[in-house]
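The values are calculated or read from the model by the stated rules, or taken from the named source; none is laboratory data. None of these values were measured; they are calculated from a predicted model. Ideal geometry is used to build each Cβ from the backbone, glycine not excepted, and the neighbour counts take in all protein chains shown.
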Amino acid sequence: MPSARLPLLLALLLPFASTCFPKQRRFQKFPENFLWGTATASYQVEGAWNADGKGVNVWDTFTHEGGHVVNNETGDVACDSYHKYKEDVQLMKSIGLSHYRFSISWSRILPDGTAASYNEKGMQYYRDLVDELTGNNIIPLATLYHWDLPQPLQDAGGWLNESIISYFEDYARICFQELGSKVKLWLTHNEPFETCWSAYGLGEDAPGYSDHPGTYPYQCAHNLIKSHATVWHLYNIRYRPSHHGKVGITLNVEWKEPKYANQTAAADRSLDFMLGWFANPIYVNGNYPQSMIDQVAMKSAAQGFKESRLPTFTSDEMNYIRGTSDFFGVNHYTTRLVEHHQNSPELVSFVADQDTLETFDPTWPRAASLWLYEVPWGMRKVLNYIRVTYGNPDILVTENGVSDHSGSLNDQFRIQYHSSYIANMHQAIQDGCKVIGYTAWSLLDNFEWALGYSEKFGIHQVNFMDPARPRKAKMSAGWFRELIKNNGQAES
Ligand code: PNW
């Protein structure tokens, strides 16, 4: 063909070419060495509730008591990961995960909660799991406390009793000693907001306290924050020089969007009560956010309390607490609309103290979990809020995920959820947030606390009717494999 004709031919074909080859979509590439992982927690997946010398914890008691969980289901067997961890690690490997976030069951290695009761067989399970992970090039990220307190410590008051701090320190020391040569990433606590509100105020989680919603949550948090700081210092002084790892904490936060433009103070206050409650002491100044101090003091005085229901830290304690985290672990799932709402002065409750009203936009799609609306832009706002408010720390997203009831293998909605939240995380990185990794909740369908097995978050299905607890990859597992292989995704 004479070359002079070529431009003409191209001009004729070009309109067709653009329909055959749609406009190139931009690709969201993540930073080199970005971590992609999945998460679980001991009570939700391990089962083996009384195997090999394990002691009873608050979730064993709570589920066996009956009346607290959908269908009175329990974590007695759960996914049986205690026996099937090698298979779990192969699932992770086939997706190409860089890390696995799991939690250690305190009562498995210290059956009565104290160092005196050390149970070698329980510890061996975690050594084996960690060896299996590192042997397959998967970085272990261990959470020390994901809600399964040894029952004897609960009987002594649990997180309400200050003595919990030294028990937690002993437990952490044993974990660092035994696992620290291979585990380089640690989280002290998972979602202290849930520990102190859902378990000690609302009563939906074990141990199910709901009679003192205006005092117990604050007392719980006070001891918990000190326990975190104590364990960070322990690692910093005793173990960091030889183990060279990092210790952080995972906080959960919903994005709080002002319902009306003039409601930013209410939304900020709500963020302070959820995130700042823990983040302000640890990342800012060793103390609670000023809005919390003011609100609780004002309410307490009006209610005739001699002092604020919010405990105070001494200046030594503040110095000890401030700066005790090597990275910012964040669990983010959903968003709420917030407006000011003046609560009746006689309500003595952590929720009433906030003087806010939280609602949802009816256009937001909802997951199986009643609290979980899909609002992807909340992810970008949360990450930027952390960047600006807490001194631009390294951020590790330690949970993000979505539920259905069926556990279907065809989970397109889950791909859509993760993809849109990940796109917003990518934008946050462009905004300057130092996000170092993303962790999907969860590797497996599992025991969803008070909702039992009725809500499923896994990228693998587990057949809970079959004693062998077989696993099957959902479509989302394949989608994650591609995402990780490409270290990113095409913009949708
Ligand atoms: C997290 N909410 O908990 C926990 O860390 C996981 O153990 C849990 O399975 C997962 O999220 C899914 O629920 C949350 O009501 C529980 O807003 C409740 C809420 C948020 C997080």
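Kindly establish whether Ala423 is in contact (Cβ under 8 Å) with a residue 24 or more places away in the chain and away from the ligand (no atom under 15 Å from the Cβ). Considered against the rule, which asks whether it is in contact (Cβ under 8 Å) with a residue 24 or more places away in the chain and away from the ligand (no atom under 15 Å from the Cβ), Ala423 comes out as yes.
Look at (1) without any contact (Cβ under 8 Å) to a residue 12 or more places away in the chain; (2) in contact with a helix residue (DSSP H, G or I) (Cβ under 9 Å, 6 or more places away or on another chain); (3) not polar (S, T, N, Q) and you find that Ala142 fails only one, number (1). The one condition from (1) out of contact with any Ser or Thr (no Cβ under 8 Å at 6 or more places or on another chain); (2) more than 18 Å from Gly488 (Cβ to Cβ); (3) of a type outside the set (D, E, K, R); (4) within 16 Å of the ligand (Cβ to nearest atom) that Leu451 does not meet is (1).
Cβ-Cβ below 8 Å, separation at least six or inter-chain, first residue in the range 426-449 and among the small types (Gly, Ala, Ser), second part of a loop (DSSP other than H, G, I, E, B) and within 11 Å of the ligand (Cβ to nearest atom): which pairs? Note: pairs meeting the criteria are Ala440/Asn400; Ala440/Gly401; Ser442/Thr40; Ser442/Gly401; Ser442/Phe457; Ser442/Gly458.
Quick grid of which residues meet (1) assigned to a helix (DSSP H, G or I); (2) aromatic (Phe, Trp, Tyr); (3) modelled with pLDDT of 95 or more:
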| position | (1), (2), (3) |
| --- | --- |
| Arg25 | no, no, no |
| Gln28 | no, no, yes |
| Thr38 | no, no, yes |
| Trp49 | no, yes, yes |
| Asp52 | yes, no, yes |
| Trp59 | yes, yes, yes |
| Phe62 | yes, yes, yes |
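Of all the residues in the range 34-68, those that are closer than 21 Å to Tyr200 by Cβ, of a type in the set (Asp, Glu) and in contact with a Ser or Thr (Cβ under 9 Å, 6 or more places away or on another chain) number 1. The conditions are (1) in contact with a Cys (Cβ under 9 Å, 6 or more places away or on another chain); (2) of a type outside the set (S, T, N, Q); (3) under 15 Å from Val253 (Cα atoms); (4) part of a loop (DSSP other than H, G, I, E, B), and Gly401 fails exactly one of them. Which is it? In the conditions (1) in contact with a Cys (Cβ under 9 Å, 6 or more places away or on another chain); (2) of a type outside the set (S, T, N, Q); (3) under 15 Å from Val253 (Cα atoms); (4) part of a loop (DSSP other than H, G, I, E, B), Gly401 misses (1) alone.
Taking the criterion of being aliphatic (A, V, I, L, M), touching a residue at least 12 places away in the same chain (Cβ under 8 Å) and surrounded by fewer than 19 Cβ atoms within 10 Å (Cβ to Cβ), the only residue of the range 376-413 that qualifies is Leu409. Of all the residues in the range 202-217, those that are buried (at least 23 other Cβ atoms within 10 Å of the Cβ) and in contact (Cβ under 8 Å) with a residue 60 or more places away in the chain number 2.
Contact annotation: residue pairs with Cβ atoms under 9 Å, 6 or more positions apart or on different chains, pairing a residue in the range 27-45 that is surrounded by fewer than 24 Cβ atoms within 10 Å (Cβ to Cβ) with a partner that is in a helix (DSSP H, G or I) and small (Gly, Ala, Ser), are Gln28/Ala423.
Checking Asp353, Asp361 one by one, the residue that is part of a loop (DSSP other than H, G, I, E, B) and either away from the ligand (no atom under 16 Å from the Cβ) or within 21 Å of the chain's Cα centre (by Cα) (or both) is Asp361 and no other. Identify, please: which residue in the range 300-312 is buried (at least 18 other Cβ atoms within 10 Å of the Cβ) and free of Cβ contacts under 8 Å to residues at least 60 places away in the same chain and is, among those, nearest to His228 (Cα to Cα)? Checked the range 300-312; the qualifying residue nearest to His228 (Cα to Cα) is Ser308.
Remark: pairs (first residue in the range 315-336, under 23 Å from Arg240 (Cβ atoms); second residue small (Gly, Ala, Ser) and within 16 Å of the ligand (Cβ to nearest atom); Cβ separation under 6 Å; 6+ apart in sequence or on different chains) = Ser325/Gly248; Asp326/Gly248; Phe327/Gly248; Gly329/Gly248. Regarding Thr250, is this residue touching a Pro at 6+ places or on another chain (Cβ under 9 Å), at negative phi and at pLDDT 95 or above? Taking the combined requirement at face value, the residue satisfies it. Of all the listed residues (Asn446, Asn463, Asn392, Asn486), the sole one being of a type outside the set (Phe, Trp, Tyr) and either touching a His at 6+ places or on another chain (Cβ under 7 Å) or within 16 Å of the ligand (Cβ to nearest atom) (or both) is Asn446.
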